[in-house]
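The block underneath contains the structure these notes are about, expressed in structure tokens.
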Amino acid sequence: KATPERIIKVWKECFGCPDWFTFVITGNLEEKEALRLCRNYLASLPKTKHRKDIVNDWRDVGIKSIKGVHSRKVCVPGEEKLASVVVTYNYNCSNYTKDAICCDIVSQAFQTRCMEELREKDGAVYAVTIHNENTTIPTPQCEITAELSCSTYDVENIKSRIFEMWDYMSKNGLSDEEFLRVKKFLNRKTLNDNDSANKWADCLTDSILSNEEMLSPSVYLSMLTSLTITEVNDFGRRFHS
């Protein structure tokens, strides 16, 4: 039911009222200079007439991740016999902050397993990308997505292998060596991200939206250090179920 007119109308309702936005500014900028620029360019933006309910009343309209196993095939004409296999797992969190860090660990461990087994050992895929997303809106949720490119003739086999490997890892958990290796990787990555303006913008934005304490790199590292393999493997089993 989408039309150009409807899309423009929705865009204006959501993004056409800058006077009620919360602006997050990060980077190598002195506070005094940031304030001067804000007063010049943000404070001077004109007020707009907008719908009161959109401004004041955020509401859950019921768009949720579907339950169960669902499969979709999308055919794109092309000369190369190349396919992309995308598998997504969702989990509603019980302890969002802790579960989000556990999700980072499980996702990274699964990335390594898929690389070692499907690409380096079997040579069955061209590329492997495993990434996760953690959100509090509309409900606290963790999501892990596997994206693999392969021959069109191997699609069903790759799908089966992903399910098989995910089931095995979720039920049996990470090994001690695997757990320590992933924690070390995330620790190094977090320290490297500490000077990233985008990283701080994400931390501040998440804190504003969730109304929770900001999960800054220092807080993240403290929680990452304290996590045990038992807690992470328990998360993996809960995610799987």
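Between Cys150, Cys114, Cys103, find the one with the highest GNM mean-square fluctuation for the chain; connect C-alpha pairs within less than 10 Å. So, out of Cys150, Cys114, Cys103, the one fluctuating most is Cys150.
Using a 1.4 Å probe over the heavy atoms of the protein chains, calculate the carbon and sulfur portion of the accessible area of the chain as a whole percent. Please report the intermediate quantities before stating the final value.
Details: 8750 of 16640 Å².
About 53 percent, which is the carbon plus sulfur part of the accessible surface.
Exposed loop sites, defined as GluC sites (Glu not before Pro) outside DSSP H, G, I, E and B with at most 13 other Cβ atoms within 10 Å, are absent from the longest region of the chain, namely 81-211. With pairing defined as another cysteine C-beta under 4.7 Å, the cysteines of the chain that fail it are Cys14, Cys17, Cys38, Cys75, Cys93, Cys102, Cys114, Cys150, Cys203. Among the trypsin sites (Lys or Arg not before Pro) within the stretch 75-152, those in coil by DSSP and having at most 15 neighbouring Cβ atoms inside 10 Å are Lys81.
Quick one: accessible area per residue over the chain, 1.4 Å probe, rounded to a whole number of Å²? Before the final figure, lay out each step's value.
Values: 16640 Å² over 241 residues.
Here the residues of the chain average 69 Å² of exposed surface.
A 1.4 Å probe over all protein chains sorts Tyr126, Tyr91 by accessible area into Tyr126, Tyr91, starting with the largest. Sorted largest first, the principal axis extents computed over the alpha-carbon atoms of the stretch 146-236 equal 45, 31, 25 Å. Here, the chain has an Rg and a Dmax of 21.7, 61 Å when only alpha carbons are counted.
The values are calculated or read from the model by the stated rules, or taken from the named source; none is laboratory data. Please read all numbers here as calculations on a predicted model, not as lab measurements. We place every Cβ from the backbone using ideal geometry, glycine too, and count neighbours over all the protein chains shown. Surface accessibility is based on the protein's heavy atoms, side chains included, excluding ligands, DNA and RNA. Shrake-Rupley method; radii C 1.70, N 1.55, O 1.52, S 1.80 Å.
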